[in-house]
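The structure under discussion appears below in the form of structure tokens.
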Amino acid sequence: MAGKRKRFAETIRIPEQALVPLIIGGLGPLAHIPFLEALLTANPTAKKDQDHPGYGLMSATSILDRTDALKKQAADDPSAYYEIGGRILAIAQQAEREGFDFLVVICNTAHAWREELQPYLPIPWVPLMGSAVSEIQEKYPHVKRVGILGTDGTMMAGLYTKAVKDAGLTPVNLDLGSQEQDAVMSAIYDPGFGVKATGATVSGESIRLLTDVADYLVSKRGAEVIIGGCTEIPPALNDSYQRAPFVDPVDALAQAVLKLSMDKHAQIPR
């Protein structure tokens, strides 16, 4: 008689691993690729395959656009908002059934759903925002004013604004509908040159627009460090922005995920 089916997470756990994460990517299509690279970079002492933690990865491109859903909800059409929340909850429930210990969602705007879903999630959702702010406090302890680049949805939800304020720092935001915020949205969403359209190759126009807006936050608004609060922004600025320190929340999250995966004493943030 066949034995009891082993849950999927147990088939990929390495012997030293404490917890097995499920990584939800595909939001946008490029989002999880820099995260996976950052997860490798965060583990420089690894010498062989089995020194890296096992994880599950899904590309959840079927989840509706998060910024569009938040705008529709603000206009009294919450159907897309509820659909997205339902899909994330269903993924978390299936992940728990397959033995995963926590999940990470490689999309900043999707975190607008996290607080509301948290009481219903069967496993923890480790957030991007707290990891990024902790990195700023650790690497740049003198910094007080934090510039935030993100989608309209991220700005509407105040995701980084709250995290920065909770850390005792001052958020420096762009105004919704401003020329600068519209430039950020074009760099991400434009069907010709936007990062969502061009995929792994970031266009020169997107780099230019995002660089100009980051410069505006530094030179005109007094930001001392810039957070790339959308997974489409760091691929454009990580290697090129020089006016101020640039913090990629995905890099910070990778450090947190590696620690949770391999350190039996690490505490999962709620």
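Of interest is the spacing of the C-alpha centroids, which for region 51-105 and region 228-255 amounts to 23 Å. Remark: the Cα gyration tensor places region 1-93 in the oblate category, a/c being 1.5 or greater and a/b not exceeding b/c. Relative contact order of the chain: 24 percent, from C-alpha pairs under 8 Å at least 6 residues apart in sequence. If you plug the beta carbon distance of L176 and D215 into 1/(1 + (r/R0)^6) with R0 = 22 Å, you get a FRET efficiency near 0.65. A simple count of charges around E37, restricted to other residues whose Cβ falls under 14 Å of its Cβ and scoring Lys, Arg +1 and Asp, Glu -1, yields -3. Only Cα sites of region 129-248 enter the Debye sum here, all with the same form factor; the resulting log10 I(q)/I(0) across q = 0.09, 0.15 1/Å is -0.21, -0.59, listed in q order. In terms of the mean number of neighbouring beta-carbon atoms within 10 Å, the peptides 173-185, 100-112 order highest first as 100-112, 173-185.
Here the Karplus curve 6.51 cos²θ - 1.76 cosθ + 1.60, taken at θ = phi - 60°, turns the phi angles of region 162-170 into couplings of 5, 4, 5, 5, 4, 8, x, 10, 9 Hz, with x standing for Gly and Pro. In region 1-50, the alpha-carbon atoms span a convex hull of 126 Å³ per residue. Protection proxy ranking of 154-160, 234-240, by the mean of other Cβ atoms within 10 Å over each peptide's residues and highest first, is 154-160, 234-240.
Distance between the 7 Å Cα→Cβ label points at T11 and T45: 3.1 nm. Ignoring lysines fewer than eight residues from K71 along the same chain, the ones with Cα atoms less than 23 angstrom from its Cα are K162, K196.
Our summary gives region 129-248 a relative contact order of 29 percent, counting only alpha carbon pairs under 8 angstrom and 6 or more residues apart. Remark: the T61-E37 segment gains 6.7 nm on full extension, using 0.36 nm per residue and subtracting the alpha carbon distance.
Each peptide among 242-250, 5-13 gets the average number of other Cβ atoms lying within 10 Å of its residues, and from highest to lowest they stand as 242-250, 5-13. Measure off 7 Å from each Cα along the Cα-to-Cβ vector at E205 and S79, then give the distance between these two points in nanometres to one decimal. Distance between the two pseudo-spin positions: 3.2 nm.
The alpha carbon convex hull volume per residue for the chain rounds to 149 Å³.
Near the amide H of V20, within less than 5 Å, lie the amide hydrogens of D101, F102, all on another chain or at least 5 residues away, with H placed in the peptide plane.
Along region 55-61 the Karplus relation, 6.51 cos²θ - 1.76 cosθ + 1.60 evaluated at θ = phi - 60°, assigns HN-Hα couplings of 8, x, 9, 10, 9, 8, 5 Hz to successive residues, with x for each Gly and Pro. Taking a straight line from the alpha carbon of K47, these aspartates and glutamates sit under 20 Å away, with near neighbours fewer than eight places off in the same chain left out: E16, E37, D263.
Scanning residues 5 or more positions from L57 or on other chains, those with amide H under 5 Å from its amide H are I23, with H placed 1.01 Å from N in the peptide plane. Listed by Cβ neighbour count within 10 Å, with the fewest neighbours leading, T151, T231, T211, T170 appear as T170, T211, T151, T231.
Coordinate-derived values only; no laboratory data. This one's a predicted model, so the numbers in the text were calculated from it and none came from an experiment. Cβ: placed from backbone, ideal geometry, glycine included. Neighbour counts: every protein chain shown.
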